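Chemist: Shown below is the structure under consideration.
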Amino acid sequence: MLVTTAITVVRTRSLFAIVMLSGVFSLLSALLLVTLDAVDVAFTEAAVGAGISTVLLLGTLALTSRFERPVRRSPLPPLIVVLVTGAALIYGTMDMPNFGSPEAPAQTHVSPDYIQRSPHEIGVPNIVTGILASYRGYDTLGETAVVFTAGIGVLALIRLLRRRRDGEGNTKEGASLMRHHLILRVVTKLLVGLIMLFALYVQFHGDYSPGGGFQAGVIMAVAFILYGVVFSLDQVQMVLPPWLVHKLVALGVLIYAGTGIYSFFVGFNFLDYSALNPQHPEHGQHYGILLVELGVGITVTGVMVAIYYAFAARPPILSDEEW
Amino acid sequence: MTTENIHHVSASLGDHLPVLVVLVPFVAAPLLVFIGSRRLAWSIAFAASAISLVISFLLLMRVIGGEVISYHLGGWAPPLGIEYRVDAANAFVLLLVTAIAVVVLPFARESVRAEIPDRQNTLFYALFLLCLTGLLGVAVTGDAFNVFVFLEISSLATYVLIAQGSYRDKRALTASYDYLIMGTIGATFFVIGLGLLYMATGTLNMADIAERLVDQAGNRTVRAAFAFIVVGIGLKVAIYPLHLWLPNAYTFAPSAVTAFVAATSTKVAVYVLMRFMFSVFQPVFLFEVNTLEFIILPFALLAMFAASFIAVFQSDFKRMLAYSSIAQIGYMLLGIAFLTETGLTAAIVHLFNHGITKAALFMGVGIYALRLGGSFLDDIEGAGRRMPWTSAAVVIAGLSLIGVPGTAGFISKWVLVEAALEKGWWLIAILIVASSLLAVIYVWRVIEVLYLKAPKGDVIVKEAPLSMLLPLWVMALACVYFGLDTDLTISAARAAAEGLMAGTSGMR
Amino acid sequence: MLEEFTWPFIVGHLNYWLFIVLMMTGLYIVVAKGNLVKKIVGLNIFQTSVFMLYISMGKVTGGTAPIFPIDLNIDPDVVYSNPLPHVLILTAIVVGIATTSLGLALIVRIREEYDSIEEERILEIEQAIANAENQRHGQAMGGRAT
């Protein structure tokens, strides 16, 4: 099914269909990931691939165009590149251990240590969270920085035009079609609350079950985006003004890095959460994980909302009828 | 070694230097956004870079004797945790990157004011810091996956910084988009390579991978991993056939960004390439697959000639320099392809010397763009007389680019020729000299235009402001200084090369 | 070489090959297609397939998701799949979406400046700019090297 979806994407011309297919592709892969025991990853892939990136792609289409024009140049050179790459990869698989083999190096070298040691060193049931936030916590700090970079990058690229538009005094833009829809508004209000609650659950329960700061951040952002879509951009921005979003974006990274820096002062290495409770390192680890996940959550929420604001504030090229 | 106990060591601030060098700009970036003050933005960025420069100098002094510092992030010993590992090679790269940042920032102030709207200030400097953070993080880490994460921080920041050139020329946007696509393909190839390596070894720590690769030389998974990592990083390095993103990116980016990125980002990528080739896959493996001589060497030579040749025909000084960068990367690859200690020393010295040379030249271009409105050769006609200080510095850096004796560029080419002769490759030594002749041609074209042509129009043109001249001259003088006194560069590069050639044994 | 292709080998490697086919489809879209949005979609497919390849490395036959029971009473007989690839891929997914959003933001700006998101059309426009420049500044080579 994945292959079919992917190949359809190659052949389809309608960008709208392509975007939808890419969402389908993500969902299908999320399913596959679950069967491969990667529940955390599946959760994230579904939230990101099928959720956020589809929304972003649609947002972009609204600002650009719906159809792809056929390419006139020969598809042969790209085909050769791809075939060579694929051949190299297949060549690489020749000495790979069989799928699922417990004797593979990947299964025998570092990974058993994580599984054996994390219960008493970190004391968090979800091993993935333990590695993510502590053993390899520095990678996750880097990842948060990547999100931060993307966030301010998008702002640096497309925030600027807003002022120009303000001058036009265009108020119609703010008025969404759905504004007068009473039921929709009530349901949305309820739903937004529920989504936020769920986000908080995912945020603080990430050490027990799949989930964590990133997923929570995405869900939280979805709540705001939904509010914005149903009501209007102006109204979300009253609840969560852009300047506050910018502060949040930075704040999350600062919380994360700050947690790490704190350990300096107690004489520990950077990001060694044992510093938070030197007598009981595993408690310290737990606090540390909660703190940094909070940092991740805040930054991700901030960035997603900021990106939504940036996209939504631009005058769309396509009117609603054209969809 | 895996069952080594966790040691949550008590340490003084001095022991944290390896992480601090990255952390200072890292934290400064969100701080800058958090404060949100346009006036403070530059000062914070400058202060953070300056602190990093001091730290990297301290680090280099510590490891130049061949010592290796290992820092366990989160207090977890590798391979469970991520390790920062400083030896002469990366300390030298850290020094280059931070030094360029510190010199370019004062220059950037005026240049950015002219080329980018003020309201972008905070974000611009935050992105600059992030780019710096990413480059430093890539250089200092001993963990293969961590390289990817920090590489992406710097790449994403660079894409946006390049796109900031769109206020002058909209082509900056497409240049940035092309780079984004190419860069992401490169990064994904790199990740594929890491995945294959992980399959074969089960670990991500570079030293640990190396240890477990020793008896797997014939493993086809490892070979494929090698190919993917080289191509992936090669896209970032802009190795000759993978360089397509570079000319536009350098040409249309804001001057300050070009000066910084050209001097640092490809250099860091070259370093990563060396690190993977020599510390992870080890020379033994390289000898076995023969890739270097048969694949990289011809491409290096091709880059030296083809790119220089294209550079000769450019009418835009900035674009000319961009093509020359591709050619210069060829020299570094050539040094690597020799697979000898002298060859590597040459590559590392050239990495440093070319970094400062290009920083100077691109800053010169930035000044011309500010005062004369462009960097096309007919824009800068007669600038030698109207802007004597700027032009003199550009000439000095230009001579260093050719490799005239008494400049830094001469030293690196000298070592490179030495390395070629050491191997008995006469032909290649001759080719190195011959390709420098092409550099003579394009640099001469610029000098001719600067000094022998009459200025166009009678508009009075002011010499550049001091805040731009000073950084330019610092770099130009550095080109001369490192051409005369080679103590620091050669000894650091030699120590670095020794460490790399020794493979893992040098890392442990 | 052919004798390597025994039945267990094929079964044990089939899923890798499937992911490779997917990856290459994605890569083909990126390289061959001229629509900027479609390229980004291709990039996503390419990356997602790489992620699945990673995750499949971590799968242990008979293993289960790497989450301990909540009371940390660990049954030594339970086999857990390798958690490390999951961690790496979580990071990589996030990096991927970050790149995607930047790419899309760039596309929006390109659309505004060029009024097109087709590579060919953009190349034409840029060629025109480059030609105009060359007229003004004398002969030159190059233009946009794609």
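Chemist: For the stretch B:203-262, count the residues as N, evaluate 2.2 N^0.38 Å, and divide the Cα radius of gyration by that value, please.
Modeler: 1.62
Chemist: Evaluate the charge dipole of chain A about its Cα centre and quote only its size in Debye, nearest 20, assuming +1 on the Cβ of each Lys and Arg and -1 on the Cβ of each Asp and Glu.
Modeler: I would put it at about 1520 debye.
Chemist: Once you wrap a convex hull around the alpha carbon atoms of the stretch A:1-98, what is its projected area averaged over all directions, in nm²?
Modeler: 8.0 nm²
Chemist: Restricting to DSSP H runs of at least four residues, report the calculated mean residue ellipticity at 222 nm for chain B, -39500 (n - 2.57) per run over all residues, nearest 500 deg cm²/dmol.
Modeler: For chain B, the value works out to -24000 deg cm²/dmol.
Chemist: In debye to the nearest 20, how big a dipole does chain B give about its Cα centre with +1 on each Lys and Arg Cβ and -1 on each Asp and Glu Cβ?
Modeler: So the magnitude is around 1220 debye.
Chemist: Give the cross-link partners of residue B:423 among the lysines, using a straight C-alpha distance below 18 Å as the criterion and excluding same-chain residues fewer than 8 apart.
Modeler: Straight-distance partners of residue B:423: B:413.
Chemist: Treating the beta-carbon of each Lys and Arg as +1 and of each Asp and Glu as -1, no other charges, what is the dipole magnitude of the protein assembly as shown about its Cα centre, to the nearest 20 debye?
Modeler: That gives a dipole near 3020 debye.
Chemist: Explain nothing, just the number: relative contact order of the stretch B:326-421, from Cα pairs under 8 Å at least 6 residues apart, as a whole percent.
Modeler: Computed over the stretch B:326-421, the figure is 35 percent.
Chemist: Return the lysines within reach of residue C:33: Cα separation strictly under 26 angstrom, same-chain partners fewer than 8 residues apart disregarded; answer none if there are no such residues.
Modeler: B:170, B:236
Chemist: Something else about it: For the stretch C:1-71, which chymotrypsin sites (Phe, Trp or Tyr not before Pro) are in a loop by DSSP, counting at most 16 other Cβ atoms within 10 Å?
Modeler: C:5
Chemist: Continuing with the same structure: Looking at the stretch B:13-507 from every direction and averaging, what is the projected area of its Cα convex hull in nm²?
Modeler: 20.7 nm²
Chemist: Over the stretch B:13-507, calculate the relative contact order: mean separation of alpha carbon pairs under 8 Å at least 6 apart, over the residue count, as a percent.
Modeler: 16 percent
Chemist: Suppose we take every Cα in the protein assembly as shown and form the convex hull; what volume per residue is that in Å³?
Modeler: 156 Å³
Chemist: Taking other Cβ within 10 Å of each residue's Cβ, how do B:432, B:402, C:10, A:127 sort, fewest first?
Modeler: Going from least to most buried by this count: C:10, B:402, B:432, A:127.
Chemist: To continue, here is another question. What is the percent of Cα-Cα separations in the stretch A:62-143 that go past 16 Å?
Modeler: It works out to 74 percent of all Cα pairs.
Chemist: Quick one: C:133, A:103, fewest Cβ neighbours within 10 Å first, how do they rank?
Modeler: If I rank by nearby Cβ atoms, fewest first, I get A:103, C:133.
Chemist: Now for a different question. Report relative contact order for chain A in percent, whole number only (criteria: Cα-Cα under 8 Å, sequence separation at least 6).
Modeler: That works out to 21 percent.
Chemist: Mean-square fluctuation check for chain C, GNM, Cα pairs under 10 Å: which of C:105, C:32, C:128 is largest?
Modeler: Comparing C:105, C:32, C:128 in the GNM, the peak value goes to C:128.
Chemist: What ranking do A:264, B:376 get, fewest neighbouring Cβ atoms within 10 angstrom at the top?
Modeler: Starting with the residue having the fewest Cβ neighbours, the order is A:264, B:376.
Chemist: Here is a follow-up. Tell me which of B:393, B:18, B:224 sits at the most positive position along the dipole axis of chain B, charges placed on C-beta atoms (Lys, Arg +1; Asp, Glu -1).
Modeler: Farthest towards the positive end: B:393.
Chemist: Looking at chain C from every direction and averaging, what is the projected area of its Cα convex hull in nm²?
Modeler: Averaged projected hull area, Cα only: 14.9 nm².
Each reported figure results from applying straightforward, stated rules to the coordinates on display, with no laboratory input. The structure displayed is predicted, hence computed values, not measured ones. Glycine gets a Cβ as well: all are built from the backbone with ideal geometry, and neighbour counts include every protein chain shown.
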